[in-house]
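Following: one structure in structure tokens, then a few remarks.
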Amino acid sequence: MNTLIFLIPIALFLGALGLGAFLWSLKSGQYDDVEGAAWRVLDDGDDKPGR
Amino acid sequence: MSCCAPGTEGAADAERARHALPSSEELLLASRPVGEGLRQSDLSVPGVHCGTCITTVEGALNALPEVVRARVNLSTRRVSVVWKEEVEGRRIDPQAFAAAIRATGYDTHLFSLVAEGDDALRNQLIRAVAVSGFAATNIMLLSVSVWSGAEAATRDLFHWISAFIAGPTLIYAGRFFYKSAWNAIRHGRTNMDVPIALAITLSYAVSLWETLHSAEHAWFDATVSLLFFLLIGRTLDHVMRDRARSAIPGLARLSPRGAMVVRPDGTRDYRPVEEIAIGEHLSIAAGERIPVDCRVIAGASDIDRSIVNGESDPLAAAPGTQLEAGAMNLTGSLTVEATATARDSFLSEVIGLMEAAEGGRARYRRIADRAAQVYSPAVHLLALASFLGWGFFDGDWKHAMLVAIAVLIITCPCALGLAVPVVQVVAAGRLFAGGVMVKDGSAMERLAEIDTAVFDKTGTLTLGKPRLVDRDKLNRAHLSLAAALAAHSRHPLSLALAGANAGPAPVIDAVTEVAGGGLEAVTGQGVLRLGNRAFACGKAVTSEDAHGLSEVVLTCGGKVLETFRFEDGLRAGAAEAITALKQDGIDMAILSGDRAPAVARIAGLLGIGRWRAALSPREKTEAVAERAAAGRRVLMVGDGINDAPALAAAHVSIAPATAADVGRQAADFVFLHESLEAVPFAYQTARRAGRLIRQNFSLAIGYNVIAVPIAILGHATPLIAAIAMSTSSIIVVVNSLRLRGRLPAFAVRAADEARPVKPMVRAA
């Protein structure tokens, strides 16, 4: 029971972190061109997802 | 265009020149302002497939001074270009972008669908899916501990945590269902969202009540995972939704706003088209569209009447020729007499047809909606019956309530909600990989139902570009002479002639173009003329060409040197496509605006028994409507402006990416690669999708048949609900994924061909 006191908040916090990361990546346009991103990583002059 | 290696580039050039670039006019209209004097254009580039393609296309575009930024999207095979409207006081011609892309070797088309990136509702739905997914996993973890036998105190704690996670999720992620259900109820209807909203609200309320009383069973996990699955279905469905689209604005743009009226005393006055009266004289310059139906009284020109008959061959206009509003005056200036007002002109008639056709199409109801209409009252009745049944049976109304809620949760259309959209999204992905774009999910359902296919000829079954016949049998010297003359003209036959000459051509200066006739040059050998027979021979010969081919005659001093005949080559894969559709038992016909001999030739080549020639847009639309009235489901495949009303009137329609903007707007499917085999491919994919949707429905219903009795008998616990719900959803999704698979050979080939070939390879 005692362990639950901190384990559950930690679990929820980590989950929320993942959710936040997903929402952020969605907002910053990282899913707009999934195939293209795989190639652009090899391109030196290009480092941010654009629209 | 020309190259010094004889014999090799003839074919390659013909290959390259096959698709004209999108016109500047269309590109400009399809672009949208993004502020600060900038505009954005979206072009589809079906050939991009790797990192090098991205760099090549973006590099070529960014090298242009007017381009602010260019971005290739590899997933959607599109490039969006943001460009300045003006550079140093010069207006920018957006065709330069298309030309720059073409110069790198990639084919490009105008892309005029609504840009999906700006879809706010889709993003809201994805966020809701993420939130409900987070909530569902966390609550499910807590529930697993409860089910594996947590002691009472821990169980209560877990229930409370679940309640706190589920509450806000219900409000945030469930709002789509609440809104939709409320809308339906307010209008006295019921839809799939009513049982959903009822189930999630009631199960949450009951679970909260149970938690307050430290009871054993809470349904929070069911509530939230239900929401999660349903939102996935809803999001996919939104991607495949019917988009409001209309080809009417595109048609209306073909009408010039005004025209130059010439008064009897010779003064000129620019007036809006609506104010032009019958009998007034108008002056029409080269490059202008005809404002109203009229008759030529002076001047000569070539008229592009593709809006009337879909043909690329211009009509020679001379005094007495009748012209239709919307046709394009290509070469000379004309003085005409208006024979109809703008309201009674040809273009207004086409717009009227379009309005009627688009209005009639809204009748199709999607499979999912039809299923919902049966399903949702059934579920309500079932839940109500079990509530009353248990209530009267053992008098324990609370227990009756719990059973009714269990029934609502179990029957909740998770799998049903996923059944249609998952299949359609997978099918759309497969079609896209094969070079076919789908505008909405209902189009795919409609395509699966067809039993008749109607084709346009020029630009659909054929390439719509003339090709020289029997090039090898012609006198080389005459061909190069003709090519040298033809190089001075933009007439489609001249372009084809110039392109067909493989060797070096003599240089001929001082070529004059006689509008409606041909080309003339005075050389040492005499007067050379290249054009129609009447013009070239210098006398009025009227030979009705019954062979169905267009011809150009080269004469020297009135003596015929050579007759060049042109045919409109069949589109690649046309024969295979017709054979495939025939095997599927589809009834086929050709409806063309072209002359009968030309249509008969193509119909004979392809083995299509029924054809009609010289049809106006109205007659085409009526022919489609007649078949529909006879109970047939008609697929229309066409590309021209003259096909647009028929495309909209047909049960479902397909257009090539090279089609006129209006045609592409009106069609449900657009195929990007050249091969016509895209049509049977789309049909077969739609059929398979239809079959999978029906399978999914039976799976979902089969699940209900097993699970509902358990729920009605009161044996459904949250654990059973969770297992049953997830399993049925997963089965439906996995079944849908069976649609993926190998692409047909033509699509793989087309994808290879769409990539630019290195000049070395091409020459080899």
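Key figures for this structure:
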{"read-out": "Residue among B:GLY310, B:GLY287, B:GLY299, B:GLY320 that alone is more than 17 Å from B:PRO617 (Cβ to Cβ) and surrounded by 15 or more Cβ atoms within 10 Å (Cβ to Cβ)", "value": "B:GLY299"}
{"read-out": "Filter result for the condition that a residue is in a helix (DSSP H, G or I), touching a Lys or Arg at 6+ places or on another chain (Cβ under 9 Å) and surrounded by fewer than 19 Cβ atoms within 10 Å (Cβ to Cβ), over B:GLU619, B:GLU576", "value": "B:GLU619"}
{"read-out": "Residue among B:ILE297, B:ILE278 that is at pLDDT 85 or above, of a type outside the set (Gly, Ala, Ser) and closer than 27 Å to B:ALA534 by Cα", "value": "B:ILE297"}
{"read-out": "Scan of segment B:535-560 for residues that are within 24 Å of B:LEU330 (Cα to Cα), at pLDDT 75 or above and of a type in the set (A, V, I, L, M), ordered by number", "value": "B:ALA536, B:VAL552, B:VAL553, B:LEU554"}
{"read-out": "Pick from segment B:622-654, criterion of a type in the set (A, V, I, L, M, F, W, C) and surrounded by fewer than 17 Cβ atoms within 10 Å (Cβ to Cβ), ranking: farthest from the chain's Cα centre (by Cα)", "value": "B:ALA630"}
{"read-out": "Residue match in segment B:175-195 (condition: β-branched (Val, Ile, Thr), within 26 Å of B:ILE731 (Cα to Cα) and assigned to a helix (DSSP H, G or I))", "value": "yes"}
{"read-out": "Selection status of B:ILE232, among the β-branched types (Val, Ile, Thr), assigned to a helix (DSSP H, G or I), in the same structural domain as B:VAL732 (by TED's automatic domain parsing) and crowded, with 18+ Cβ neighbours inside 10 Å", "value": "yes"}
{"read-out": "Helices (runs of 4 or more DSSP H) enclosed by segment B:443-542 - at least 2 residues per element that are buried (at least 24 other Cβ atoms within 10 Å of the Cβ)", "value": "B:476-486, B:492-500"}
{"read-out": "Segment B:49-68, subset closer than 17 Å to B:ALA99 by Cβ and among the aliphatic types (A, V, I, L, M), residue nearest to the other protein chains (Cβ to nearest Cβ)", "value": "B:VAL57"}
{"read-out": "Failed item in (1) in a loop (DSSP other than H, G, I, E, B); (2) in contact (Cβ under 8 Å) with a residue 60 or more places away in the chain; (3) surrounded by fewer than 22 Cβ atoms within 10 Å (Cβ to Cβ), with B:GLU349 passing the rest", "value": "(1)"}
{"read-out": "Candidate set from segment B:138-186 (those that are β-branched (Val, Ile, Thr) and buried (at least 16 other Cβ atoms within 10 Å of the Cβ)); member that is farthest from the other protein chains (Cβ to nearest Cβ)", "value": "B:VAL146"}
{"read-out": "Qualifying residue in segment B:242-254 (condition: modelled with pLDDT of 85 or more and in contact with a Ser or Thr (Cβ under 9 Å, 6 or more places away or on another chain))", "value": "no"}
{"read-out": "Contacts under 6 angstrom Cβ, first residue in segment A:17-31 being more than 10 Å from chain B (Cβ to nearest Cβ), partner part of a helix (DSSP H, G or I) and at pLDDT 85 or above, 6 or more apart", "value": "none"}
{"read-out": "Search result, residues across segment B:706-720 that are aliphatic (A, V, I, L, M) and more than 22 Å from B:PHE393 (Cβ to Cβ)", "value": "B:ILE706, B:LEU719"}
{"read-out": "Options B:ALA404, B:ALA357, B:ALA340, B:ALA368: the member that is touching an Asp or Glu at 6+ places or on another chain (Cβ under 9 Å) and surrounded by 20 or more Cβ atoms within 10 Å (Cβ to Cβ)", "value": "B:ALA368"}
{"read-out": "Residue ID - farthest from B:GLY417 (Cα to Cα), chosen from residues in segment B:199-226 that are over 43 Å from the mean Cα position of the chain (by Cα) and of a type in the set (S, T, N, Q)", "value": "B:SER214"}
{"read-out": "Segment B:155-190, residues that are modelled with pLDDT of 90 or more, under 20 Å from B:GLY233 (Cα atoms) and among the β-branched types (Val, Ile, Thr)", "value": "B:THR169, B:ILE171"}
{"read-out": "Hits in segment B:69-88 - residues which are more than 17 Å from B:ALA30 (Cα to Cα) and either facing chain A (nearest Cβ under 9 Å) or under 28 Å from the mean Cα position of the chain (by Cα) (or both)", "value": "B:ARG69, B:ARG71, B:VAL72, B:ASN73, B:LEU74, B:SER75, B:THR76, B:ARG77"}
{"read-out": "Only listed residue being touching a residue at least 24 places away in the same chain (Cβ under 8 Å), outside the structural domain of B:SER442 (by TED's automatic domain parsing), more than 19 Å from B:GLY640 (Cα to Cα) and not charged (D, E, K, R), chosen from B:ALA277, B:ALA247", "value": "B:ALA277"}
{"read-out": "The one condition in (1) out of contact with any Asp or Glu (no Cβ under 8 Å at 6 or more places or on another chain); (2) surrounded by fewer than 19 Cβ atoms within 10 Å (Cβ to Cβ) that B:SER729 fails to fulfil", "value": "(2)"}
{"read-out": "Residue in segment B:52-70 that is at pLDDT below 80, assigned to a strand (DSSP E or B) and touching an Asp or Glu at 6+ places or on another chain (Cβ under 8 Å) present", "value": "no"}
{"read-out": "Filter result for B:ARG32 (more than 10 Å from chain A (Cβ to nearest Cβ), surrounded by fewer than 21 Cβ atoms within 10 Å (Cβ to Cβ) and modelled with pLDDT under 80)", "value": "yes"}
{"read-out": "Among (1) under 30 Å from the mean Cα position of the chain (by Cα); (2) outside any helix (DSSP H, G or I); (3) among the small types (Gly, Ala, Ser) - the single one B:ALA372 does not satisfy", "value": "(2)"}
{"read-out": "Lone unmet requirement of (1) part of a loop (DSSP other than H, G, I, E, B); (2) within 30 Å of B:LYS620 (Cα to Cα) for B:LEU739", "value": "(2)"}
{"read-out": "Single residue of B:GLY417, B:GLY352, B:GLY389, B:GLY441 found to be within 24 Å of B:ASN704 (Cβ to Cβ) and not assigned by TED's automatic domain parsing to the domain that holds B:THR201", "value": "B:GLY441"}
{"read-out": "Segment B:198-229 - residue that is crowded, with 19+ Cβ neighbours inside 10 Å, small (Gly, Ala, Ser) and at pLDDT 85 or above and, of those, nearest to B:ILE641 (Cα to Cα)", "value": "B:SER225"}
{"read-out": "Residue pairs meeting the criteria (Cβ under 6 Å; at least 6 apart or on separate chains; first under 22 Å from B:ALA477 (Cα atoms), in segment B:552-575; second among the aromatic types (Phe, Trp, Tyr))", "value": "B:VAL552/B:PHE564"}
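Here is a yes/no grid of residues against (1) touching a residue at least 60 places away in the same chain (Cβ under 8 Å); (2) within 30 Å of B:ALA385 (Cβ to Cβ); (3) aromatic (Phe, Trp, Tyr):
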| residue | (1), (2), (3) |
| --- | --- |
| B:ALA659 | yes, no, no |
| B:SER675 | yes, no, no |
| B:PRO680 | yes, no, no |
| B:THR685 | yes, no, no |
| B:LEU692 | yes, no, no |
| B:LEU699 | yes, yes, no |
| B:TYR703 | yes, yes, yes |
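The values are calculated or read from the model by the stated rules, or taken from the named source; none is laboratory data. What you are looking at is a predicted structure, and each value in this text was computed from that prediction instead of being measured. Neighbour counts run over all protein chains shown; Cβ positions are idealised from the backbone, glycine included.
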